[in-house]
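One structure below.
Taken together, the values in this text are just the output of simple stated rules run on the coordinates, not laboratory data. Computed from a predicted model, the values in this text were never measured in an experiment. Using ideal geometry, Cβ is built from the backbone for each residue, glycine included, and neighbour counts are taken over all protein chains shown.
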Ligand SMILES: [Zn+2]
């Protein structure tokens with residue numbers, strides 16, 4: 001049973017959004033080819049879904065500036081611009097993504113006290129979203145992961161998939177993903193590879 005996980009392909013992370021990833025929208029046609037390929041038995045997407053005033057927002061911390069390190073619940077936390085606030089266009093999946101083909105949308109980041117980069121659990125690795133149970137109940141044996149951003153939510157989702165679903169083969173689709181910085185992407189790819197995640201191109205995913 002093969003599944004595709006599309007991470008946070010939302011307006012907020014695309015050009016024009018509140019936390020744009022460079023060329024973030026370029027993943028949409030690639031993701032659509034994967035969706036249309038018929039190679040996947042199950043397609044799931046994650047959606048960053050923050051309440052207003054979320055603790056990951058610089059605006060929630062007096063004196064904080066976006067993209068500097070701050071603290072949340074006693075732990076280091078990147079201070080982000082306000083983004084993907086529940087019910088706003090910024091939080092919607094990209095309009096050109098073939099979302100009608102998506103079987104499940106897993107929302108995350110709802111708890112104002114903790115951030116959730118991973119689609120599977122909060123950053124303190126405590127509260128699970130339930131996605132790993134769902135995928136295991138469906139009998140998923142192979143999971144391909146891609147989306148936005150490689151150096152944050154995609155990487156953490158792929159690593160958690162590996163750790164929380166022992167035996168499931170996890171691959172990262174490089175050209176169906178974009179990251180915030182080139183250095184961050186390179187480090188994320190090294191880290192994923194070191195954990196046994198295969199780094200592939202969409203052409204590989206379409207072939208096998
Ligand atoms: Zn977020």
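Specify the angular offset, from 0 to 90 degrees and rounded to the nearest 10, of the alpha carbon long axis of helix 182-194 from the longest principal axis of the alpha carbons in the chain.
Orientation of helix 182-194: about 50 degrees from the principal axis.
For a quick protection proxy, order the peptides 164-177, 94-107 by their average other-Cβ count within 10 Å, most packed first.
Final packing ranking: 164-177, 94-107.
At 4 °C and a viscosity of 1.567 mPa s, what translational diffusion coefficient does Stokes-Einstein give for region 1-101, taking Rh as the Kirkwood radius over Cα pairs? Give it in µm²/s as a whole number.
The calculation lands on 88 µm²/s.
Counting only DSSP beta bridges with both residues in the chain, tell me the antiparallel percent, nearest 5.
20 percent
Tell me the angle of helix 155-164 to the major Cα principal axis of the chain, expressed in degrees between 0 and 90 and rounded to the nearest ten.
Helix 155-164 sits roughly 60 degrees off the main axis of the chain.
Calculate the spin-label point distance for residue 61 paired with residue 137, positioning each point 7 Å from the Cα along the beta-carbon direction, and give it in nanometres.
3.7 nm
Taking every eigenvalue of the Cα gyration tensor of region 1-56, multiplying by 5 and rooting it, what semi-axes result, largest first, whole Å?
Each semi-axis is the square root of five times an eigenvalue, giving 25, 15, 6 Å.
Given just the C-alpha atoms of the chain, how large is their convex hull per residue in cubic angstrom?
Measuring per residue, one finds 109 Å³ for the Cα hull of the chain.
Would you please put 2-13, 47-58 in order of how densely packed they are, using the mean number of other Cβ atoms within 10 angstrom per residue and starting with the highest?
Peptide ranking by packing, descending: 2-13, 47-58.
Where the centroid of each part is defined by its Cα atoms, how far is region 3-74 from region 169-192 in Å?
Using only Cα atoms, the two centres lie 14 Å from each other.
Relative contact order (percent) for the chain, with alpha-carbon contacts under 8 angstrom and 6 or more residues of separation?
25 percent
Multiply the residue gap between residue 103 and residue 207 by 0.36 nm, knock off their C-alpha separation, and tell me the result in nm, one decimal place.
35.2 nm
Apply the a/c threshold of 1.5 to the C-alpha gyration tensor of region 143-208 and tell me whether it is rounded, prolate or oblate.
oblate
Report, in degrees rounded to the nearest 10, the 0 to 90 angle that the Cα long axis of helix 27-36 makes with the longest principal axis of the chain.
That works out to roughly 40 degrees.
Can you classify region 87-167 as rounded, prolate or oblate using the Cα gyration tensor, where a ≥ b ≥ c are the square roots of its eigenvalues, rounded means a/c under 1.5, and otherwise it's prolate if a/b beats b/c and oblate if not?
It comes out oblate by the Cα gyration axes.
Just rank 181, 65, 129, fewest to most, by other beta-carbon atoms within 10 angstrom.
65, 181, 129
Please compute the Kirkwood hydrodynamic radius of region 63-107 from all pairs of different C-alpha atoms, in Å with one decimal.
13.2 Å
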